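Quick notes on the structure that follows.
The values are calculated or read from the model by the stated rules, or taken from the named source; none is laboratory data. Since we're looking at a predicted model, the values are computed, not measured. Cβ coordinates were reconstructed from backbone atoms using ideal geometry, including for glycine residues, and neighbour counts include every protein chain displayed.
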């Protein structure tokens, strides 16, 4: 829908065309002019047009892909969104939708008070809405106002809270005030005295909101109020404080204990979170215990020194009478590595029980190298792929083990498994589709299956993965180089890499690769690095990637270094402090490649040592969002630490 032609005579559009929209942009580069048109639709369009426009604006202004970057169109758009909410003639869903969008935009600021221009827009337009006849408008306006971090806004909320007659709205105003007070305290010195009622005083619902609504008001001893909150949830599914805190809005009632636990922990420091978690692991209600185990997983995912702290508690809970508690205890223990060994007997017992938890127990046992793991795996022979998921997954939040992960864990026992895999590949077409591509983690151990893998290249639907398996096998599969060349049309760089690793013939392999392509990614850059100086024909193309703007550029930089030895160019790019790859974004493909390359460069990279040491020695894991990490995410951070240690050692630092 287009609203540029709508006349400015409509008072609702006043000031809209005084904004230089053409100079502004949205989160993903949306034109400011398009933001202007959507605002016009939200202000004056039909209800359906307004709702659609608000959705477009949500994508442009509040998309989480923005990270902490504020799109330039946001401060300009906020006054008009507030105007939509203030228009009593607009439908309620349009007004509340506009305020929801304001809240979504502000939530990207997290604990910060927000840019001044955006704050000014909120402070000018939101306070009058606190007296709106619509309860939904009043509460949403208060919630958005909480992001400003403004002392005067806190006083405005207090006055409105004192006059509010609706108990539900009153609680939501208090919840917003608690969050606002936390931001005021974070930016303007000591935390305000209100709202911070002493324990034991005031309404119980209000005390709960004050206790855990923000870190500024958190109690010195959080265990009693946290236990009281969980006890209350056992008795009442959705107590007023729970609703006022905005918990359970998605209607997933079964998750309410988890929501409450996350809300409580958000207000606490690490020590307080640990104390509450320890206390609730022994709660009489299984739902609370399960939430506590998940809280322990959060801590392990966020802090490296938490590894091992919860092993004893998790091991004991493997015998819990509740299946949900046992499941989360097993998942927690699966992140512990060697720390799970004292409970190997219990893991072996769980591995023969029905259900998906048996797969997690078996994988954990296999990673310990326990001799019982192989017979337990073969005992699942009647199940396709031994009962594991076929699709490779690197989702850090996922829990279900995949067949690929199982094969990686059993790589030391490859000789014992090879006959079984060969038989299954020859018998079941479905297994023949999924087993071969999962063998890459075995490397040369998979050599006895090279003939079977190469034989599938002609008509298999996963040729790129088969080429990676042959590349991993290496020279032992050299006799299949002609088949690899024949498969080049399916994935040219994978075929070229496999050919290089099978034959060692860099020239022929690069001829197979063909001319430079801007579509190449990390795997292709790795091939060029392996080829070394023989790949000098690609130098000019690689030099276009020294700005590290793309997600694979560090791998291209590594290829350039291996081809040319141009250490100065490599270090100038890697040590540019504007790039986050030796900081907040180290746990990305580019970040990991950058660390690996610095280690290869060695002593000339000593300028990187302060940042590498800081990353290595940090207690907080390197994940951008470390809470709720599963075993893959936790393992990935541990692999990063090992990589950092090797890099520092090779450079020559302590």
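Brief remarks on what is shown
- Candidates 613, 549, 585, 543, filtered to the one that is in the same structural domain as residue 652 (by TED's automatic domain parsing) and modelled with pLDDT of 95 or more: 613
- Options 354, 384; residue that is in contact with a helix residue (DSSP H, G or I) (Cβ under 9 Å, 6 or more places away or on another chain), surrounded by fewer than 20 Cβ atoms within 10 Å (Cβ to Cβ) and either without any contact (Cβ under 8 Å) to a residue 60 or more places away in the chain or not assigned by TED's automatic domain parsing to the domain that holds residue 451 (or both): 384
- Within segment 1-25, the set of residues being surrounded by fewer than 12 Cβ atoms within 10 Å (Cβ to Cβ) and either part of a helix (DSSP H, G or I) or at pLDDT 90 or above (or both) comprises 11, 18, 20, 22, 23.
- In segment 342-351, of all residues being closer than 23 Å to residue 378 by Cα and touching a helix residue (DSSP H, G or I) at 6+ places or on another chain (Cβ under 9 Å), the one that is surrounded by the most Cβ atoms within 10 Å (Cβ to Cβ) corresponds to 347.
- Enumeration of residues in segment 317-338 that are part of a helix (DSSP H, G or I) and crowded, with 19+ Cβ neighbours inside 10 Å: 317, 325, 326, 327, 328, 329, 330, 331, 332, 333, 334
- Number of residues in segment 404-437 that are under 20 Å from residue 476 (Cβ atoms) and either in contact with a strand residue (DSSP E or B) (Cβ under 8 Å, 6 or more places away or on another chain) or outside any helix (DSSP H, G or I) (or both) equals 2.
- Being at pLDDT 95 or above, part of a helix (DSSP H, G or I) and out of contact with any helix residue (DSSP H, G or I) (no Cβ under 9 Å at 6 or more places or on another chain) is a property that residue 375 has.
- Residue count, segment 26-39 (criterion: surrounded by fewer than 18 Cβ atoms within 10 Å (Cβ to Cβ) and in a helix (DSSP H, G or I)): 1
- The requirement of being over 20 Å from the mean Cα position of the chain (by Cα), touching a residue at least 24 places away in the same chain (Cβ under 8 Å) and either outside any helix (DSSP H, G or I) or farther than 20 Å from residue 247 by Cα (or both) is satisfied by residue 342.
- Residue tally, condition modelled with pLDDT of 90 or more and either in contact with a helix residue (DSSP H, G or I) (Cβ under 8 Å, 6 or more places away or on another chain) or buried (at least 18 other Cβ atoms within 10 Å of the Cβ) (or both), over segment 119-152: 19
- Residue match in segment 307-316 (condition: under 25 Å from the mean Cα position of the chain (by Cα), surrounded by fewer than 20 Cβ atoms within 10 Å (Cβ to Cβ), in a helix (DSSP H, G or I) and touching a residue at least 24 places away in the same chain (Cβ under 8 Å)): no
- Applying the condition of being touching a residue at least 40 places away in the same chain (Cβ under 8 Å) and surrounded by fewer than 23 Cβ atoms within 10 Å (Cβ to Cβ) to segment 557-585 and asking which residue is nearest to residue 535 (Cα to Cα) yields 561.
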